[in-house]
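Notes for the one structure printed next.
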Ligand code: VG1
Ligand code: CO
């Protein structure tokens, strides 16, 4: 027993991506790999001594082992207390909630989100700062710099801590507090939504719902909140038992990977409402009977209906969306007379806007929606927001969506992903495209004239930090857009994402399938970037 100082050498690849450090499990299992990264995180925390740290993960393979290592390293670093979810479980939004509620100096969330899990799957480590949000770029850059300079790490030697039992346990000088992973989070949601009203429409059978937890972290949260607290019938939560390999599935809530749920909502006698979340509980997919709500539309609809929900009744300070997210929310903001901010992809860019009180709701096209209640996107929060709206309006989801389009116009939207392409090819495609940009401005391509062609650069209005190269944009004179960027969360080769958007004001033209409505833009996107010849792919891997 006692603190051991272990000699180590740096790994050169510990640069966090869009959302933490993600690597295949065998990479994390290399001797010292996890320890180095954790030491790099701890070394960037100013004065950790005497502070509280929050710790938990999505329960995927290697979660349990990693938690024990991190607890022992925290004890060596001098933290006073670690609040750890029972059995090592905490969803990403729940971790954000706990950090904020108890004034922790930060938190570590073990997850690779929607990436598949298991011995050959992915593992990940995310670090959140004291506001409960993902570490901003200046912190992730500092962690990376530190990782390149490490010569040793410190760890307390002791037997593993039992994380099955709630309560406080000493680990050296430090207290390990095993907490209920759901309780604080549920209490927060109860302050925002009208639980009684939602429970009433569920009890009377006016609202029949299903929730697919995809064998990932939201199972226990959804069972507690939807079934036990709101009284939805047992079985409402499907695939509710978190498994270390997520049952072999891909817990990414979209039309491709949440196929079973989609079939129920588009099948015989569909329920009124269906939703799914991802590996770590921060994403949401919203479905109605025979209806899929695109995440960009969902953000806009939540904003337009916020006055129906107790936590947002007093109005919204502003809205923020990531750049590739459709401009549907901008239209609602304009009508409400509030600001709409456009940030790079990744939740870390919303933190400053939320902390400064400039925005209340945030969203991304990648099935992420959230608010100032925490500093992460939040899957079950979005589900409850929708349930609250449905309980008040008592209108089918499909009608609410159509009604929204009639009022604001429809932003036809789709994302085409080309997954696992060779890194060199992907970088060639992006650099060739970038070289073309100046010559594209003013050109007419089919029915579209290019107004702006650039690589998106963001200047944070709060701390004035600048983030460059955040995605190539072709913006046409009628407001239609094509955006290209490379994913920062994948672990196999490169993933090219192509985002397509076109605005349709006329109600008589708002009923088309998005792929049909966007067909000419899709063709244009392929032609301009030579996607087929440069990637060797004749179609995307995933269309959402
Ligand atoms: C993707 C999404 C992005 C999201 C990020 C993390 O990033 O596009 O919108 O914030 O995943 O989501 P990328 O770089 O692969 O496009 V999650 O649910 O990891 O926690
Ligand atoms: Co996630």
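The values are calculated or read from the model by the stated rules, or taken from the named source; none is laboratory data. Note that the coordinates shown come from a computational prediction; the quantities given were computed from them, not determined experimentally. FYI the Cβ positions are ideal-geometry reconstructions off the backbone, even for glycines, and counts take in every protein chain you see.
Of the residues that make up segment 117-124, is at least one surrounded by fewer than 21 Cβ atoms within 10 Å (Cβ to Cβ), within 21 Å of residue 10 (Cα to Cα) and not assigned by the TED database to the domain that holds residue 246?
Looking through segment 117-124, none of the residues is surrounded by fewer than 21 Cβ atoms within 10 Å (Cβ to Cβ), within 21 Å of residue 10 (Cα to Cα) and not assigned by the TED database to the domain that holds residue 246.
Does residue 264 satisfy the criteria of being out of contact with any helix residue (DSSP H, G or I) (no Cβ under 7 Å at 6 or more places or on another chain) and not in a loop (DSSP other than H, G, I, E, B)?
Working: out of contact with any helix residue (DSSP H, G or I) (no Cβ under 7 Å at 6 or more places or on another chain): yes; not in a loop (DSSP other than H, G, I, E, B): yes.
Yes.
Mind counting the residues in segment 478-489 that are farther than 14 Å from residue 427 by Cα and either at pLDDT 95 or above or crowded, with 19+ Cβ neighbours inside 10 Å (or both)?
Selection size over segment 478-489: 5.
Residue under question is residue 421, and the condition is that it be within 25 Å of residue 271 (Cβ to Cβ) and more than 16 Å from ligand 2 (Cβ to nearest atom); does it hold? Even if it seems obvious, please write down each step before you answer.
Working: within 25 Å of residue 271 (Cβ to Cβ): no; more than 16 Å from ligand 2 (Cβ to nearest atom): yes.
No, not satisfied.
May I ask you to list the residues in segment 75-122 that are in a loop (DSSP other than H, G, I, E, B) and more than 16 Å from ligand 2 (Cβ to nearest atom)? It would help to see each step written out before you state the result.
Filtering segment 75-122 for residues in a loop (DSSP other than H, G, I, E, B) gives 78-80, 90-91, 102-105, 111-121.
Across segment 75-122, the qualifying residues are 78, 79, 80, 102, 103, 104, 105, 118, 119, 120.
Taking the criterion of being over 27 Å from residue 466 (Cβ atoms) and within 16 Å of ligand 1 (Cβ to nearest atom), would at least one residue in segment 132-152 satisfy it?
Keep residues of segment 132-152 that are over 27 Å from residue 466 (Cβ atoms), which gives 150-152.
With the extra rule that they be within 16 Å of ligand 1 (Cβ to nearest atom), the set shrinks to none.
No, every residue in segment 132-152 fails to be over 27 Å from residue 466 (Cβ atoms) and within 16 Å of ligand 1 (Cβ to nearest atom).
Give segment 199-226 a look and list any residue that's over 25 Å from the mean Cα position of the chain (by Cα) and either within 21 Å of residue 84 (Cβ to Cβ) or in a helix (DSSP H, G or I) (or both), or say none. Full working, then the answer.
Filtering segment 199-226 for residues over 25 Å from the mean Cα position of the chain (by Cα) gives 199-208.
Within segment 199-226, 199, 200, 201, 202, 203 meet the criteria.
Limited to segment 294-314, what total is found for residues that are in contact (Cβ under 8 Å) with a residue 12 or more places away in the chain and more than 23 Å from residue 412 (Cα to Cα)?
Initial filter on segment 294-314 (in contact (Cβ under 8 Å) with a residue 12 or more places away in the chain): 294-306, 308-312.
With more than 23 Å from residue 412 (Cα to Cα) added as a condition, the list becomes 308-312.
Result for segment 294-314: 5.
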